[in-house]
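What follows is calculated from the coordinates using simple rules that are stated; it is not laboratory data. What you see is a predicted model; the values in this text were computed from it and never measured. For neighbour counting, all protein chains shown are included, and Cβ atoms are generated from backbone atoms with ideal geometry for every residue, glycine included.
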Amino acid sequence: MSDETTTTSSAEANDGVDDAVLTVEHVDSGYGDAQVLDDLSLALADGEVACLIGPNGAGKSTVLKTVFGMLQPWTGHVRFRGADIGGMAPEDIVREGIGYVPQTENVFGSLTIEENLRMGGVARDDDLTPVIDDLYDRFPILAEKRRANANTLSGGQRQVLAFARALVMEPDVLLIDEPSAGLAPNTADEVFEDVLAVNDLGTAILMVEQNAKKGLAISDRGYVLDQGTVRFEDDADALLDNPEVSRLYLGG
Amino acid sequence: MALLEYIANGLVFSSIIVLASVGLSLVYSIADFANFAHGDTMTVGAYAALVAFGVIGGLGAEILGLPLGFFVALAVGIVVAAVVAILTHKLVYEPLDIDSIGLLITSIGVAFVYRAVIQLGFGAQVTEFDIQVLRPIDALLPLGVRMTLHDVAILVSAVVLVTALHVLLQYTDLGRKMRATADNPDLARVSGIRTDRIKLWTWLIGAGLAGAGGGFLGLYSSVSPRMGFNILLVVFAAVILGGIGSIYGAMLGGFLIGMIDQLTPLLTDVGIPIGTEYSYAIAFVIMVAVLLVRPNGIASEVGS
């Protein structure tokens, strides 16, 4: 899809990421016949927060959808703890220990908060009550509104519910697509704090974020995507300080 | 008081429409297409019940003026309708990689196939359940209501089935998964729900209810190869009026359309020369009027 040459800083077989829990290796993927990802590789270390940034159409959300089985990798591998999960269905991948929070429509609007959380745990065999009670302790707003339908929540509260639904499975890795999309700046900051709170529990997070500076600011690692492939990969702080990244992707 | 009689008739007719409309809406909400074979699924249920009743007979005991054998036959009709729908889903709809409009058109073809097979087996003539027609209930006659125990049986059965569906949807794991899948199928899969299985359950329940509706429609009027198809437009009107895809909307829509249909004689009673032959037309006019105010149906959520 692209005849541009990749920059030297592009990821090559994920060197530099020790103890990777999730790796994407030389993946092409897309919708129907339209290719979006082009030989994309990245890795997420156990317990870290990694952020994918880049312009619209760079393929950021496509990476998450391919990892989570909403799209099939055309070539290459997606590995979780070494096992190839490329091509598995979402309902199976969630049982492996990966969670996914879509960007939009990420709650069941016509179900109550409690029912949303119960749906988050359908793949668990044990009693959900203690897990859900834990989540209520962590996110009191959900406890308060447990009997209300999710479509009565504000944008920020919905995002919290979307996280909580995914956390019922206690995943090792959580994929989050643009957590701050459509939120007022203050609310977005609160949601980023929630992302960090989730990470504090030991969950590694791979996040797509339109607001590149804020996204990188709370991340350990960053990937700059452009035209379906990784152009820059580094510690998040280093990317923020990189003049080229700054000029091209962070708006100066 | 003719009005009371019309209302009583409306309750009975609504019962049949509600059973059909709830099933249609359920399938729409999860299989994501308007199933034009739903009416003929009712016919399948009616004929299966008819055959089963012929085989097993009355079985002695009576419930609400109906032989026990009729209820057993009705159960057979429900099962056969459900099995036929699941086979159709597995053999026809699922292998087709087409959008919801394509599935809709396919379902019209499926409807023709159901009807043709029934006609091949049973001929085009109108038949009836071999159950004696009852006299109206004496206690209701002073009120001007001519209602038989069979009518009561239809009403009670519909209330039981719809209540059971409500309990299933609200208080069971399967019901919550069905609602979640209807609400947002992608998120349902992301949450780990095996939506393929939920879809099968939905076909089973939706077509089963259609089979029950068909059996009762056969008891209420008669059994013929076109019975389900003839009522399908009314059922669609009910579903659209309530808000397509909404189960509770379909209950309300089915109730209203059935009522409006049976209240039509009221017009001639008050001197407006519009006969009962226009009852469906009036139901449709009211449906259009409601949609002008609430384009997504009565039960649609405003602004979401």
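Quick one: putting +1 on the C-beta of Lys and Arg, -1 on the C-beta of Asp and Glu, what dipole do you get for chain A around its Cα centre, in Debye to the nearest 20?
That gives chain A a dipole magnitude of about 940 debye.
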Peptide-level mean, for B:178-189, of C-beta atoms on other protein chains within 10 Å: 6
Partner lysines for residue A:60 [C-alpha distance under 17 Å; skip if fewer than 8 residues away on the same chain]: A:213, A:214
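Looking at the protein assembly as shown, send over the antiparallel percent of its DSSP beta bridges, to the nearest 5.
Details: 25 of 42 bridges.
Antiparallel bridges make up about 60 percent of those DSSP assigns within the protein assembly as shown.
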Dipole of region B:96-181, positive end: most advanced residue of B:123, B:167, B:103 [Cβ charges, Cα centre]: B:167
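Please state the charge dipole magnitude for region B:156-248, taken about the Cα centre, from unit charges on C-beta atoms (+1 on K and R, -1 on D and E), reported in debye and rounded to the nearest 20. Walk me through the numbers on the way to the answer.
Details: 8 positive and 4 negative charges, 31 e Å.
The calculation lands at about 140 debye.
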Built amide H within the under 5 Å cut-off of residue A:232, gap 5+: A:224
Ranking of B:247, B:274 by count of other Cβ atoms within 10 Å, fewest first: B:274, B:247
Kyte-Doolittle at least -0.5, axis length at least 20 Å by Cα - qualifying DSSP helices, chain A: A:185-200
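Using the count of nearby Cβ atoms within 10 Å as a rough guide to exposure, how do A:233, A:96, A:105 rank from fewest to most? If you can, show how the numbers build up before the last one.
Details: A:233 24, A:96 17, A:105 13.
Fewest-to-most Cβ neighbours within 10 Å comes out as A:105, A:96, A:233.
Taking a ≥ b ≥ c as the square roots of the Cα gyration tensor eigenvalues, with a/c under 1.5 meaning rounded and otherwise prolate when a/b beats b/c, else oblate, which class fits region A:24-85?
On the way: a/c = 2.02, a/b = 1.23, b/c = 1.65.
Oblate is the answer for region A:24-85, as a/c is 1.5 or above yet b/c matches or exceeds a/b.
Averaged over its residues, how many other protein chain Cβ atoms are within 10 Å of peptide A:164-175's Cβ atoms?
Details: counts 0, 3, 2, 0, 2, 2, 0, 0, 0, 0, 0, 1.
Average per residue, whole number: 1.
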Positive-end residue of B:281, B:263, B:223, charge dipole of region B:138-281 with Cβ unit charges: B:223
Virtual paramagnetic centre 7 Å along Cα→Cβ of residue A:238, amide N under 12 Å, in region A:197-226: A:221-223
Phi to ³J(HN,Hα) by Karplus 6.51 cos²θ - 1.76 cosθ + 1.60 over region B:258-269, Hz, x for Gly, Pro: x, 5, 4, 4, 7, 8, 3, x, 4, 4, 5, 4
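Once you sort the root eigenvalues of the Cα gyration tensor of region A:88-218 as a ≥ b ≥ c, which label holds: rounded (a/c under 1.5), prolate (a/b larger than b/c) or oblate (the other case)? Please list the in-between numbers first.
Values: a/c = 1.60, a/b = 1.19, b/c = 1.35.
The shape class here is oblate.
Just tell me how shielded B:192-205 is by partners: mean number of partner chain Cβ atoms within 10 Å of each residue's Cβ, no decimals. Could the numbers behind the result be given before it?
On the way: counts 15, 6, 5, 3, 2, 1, 0, 0, 0, 0, 0, 0, 0, 0.
Averaged over the peptide's residues, the number is 2.
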Derived scalar couplings ³J(HN,Hα) [region B:210-222; Karplus, 6.51 cos²θ - 1.76 cosθ + 1.60; whole Hz; x for Gly, Pro]: 4, x, 4, x, x, x, 5, 4, x, 5, 5, 10, 7
J(HN,Hα) series, region B:44-61, from Karplus relation 6.51 cos²θ - 1.76 cosθ + 1.60, nearest Hz, glycine and proline x: 4, x, 5, 5, 4, 5, 4, 5, 4, 5, x, 7, 8, x, x, 6, x, 4
Overall form of chain B per C-alpha gyration tensor (a/c, 1.5; a/b vs b/c): oblate
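Based on the mean of other Cβ atoms within 10 Å per residue, sort peptides B:202-212, B:70-80 so the most packed one is first.
B:202-212, B:70-80
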Residue exposure sequence - A:234, B:130 - by fewest surrounding Cβ within 10 Å: B:130, A:234
Cα-centred dipole magnitude for the protein assembly as shown, charges only on beta-carbon of K, R (+1) and D, E (-1), debye, nearest 20: 2920
5 angstrom amide H check on residue A:103, placed H, neighbours 5+ away: A:177
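To the nearest 500 deg cm²/dmol, what mean residue ellipticity at 222 nm is calculated for the protein assembly as shown from DSSP H runs of n ≥ 4 alone, each contributing -39,500 (n - 2.57), summed and divided by the residues?
Details: 22 runs with 298 residues, N = 556.
Roughly -17000 deg cm²/dmol at 222 nm, from the helical runs in the protein assembly as shown.
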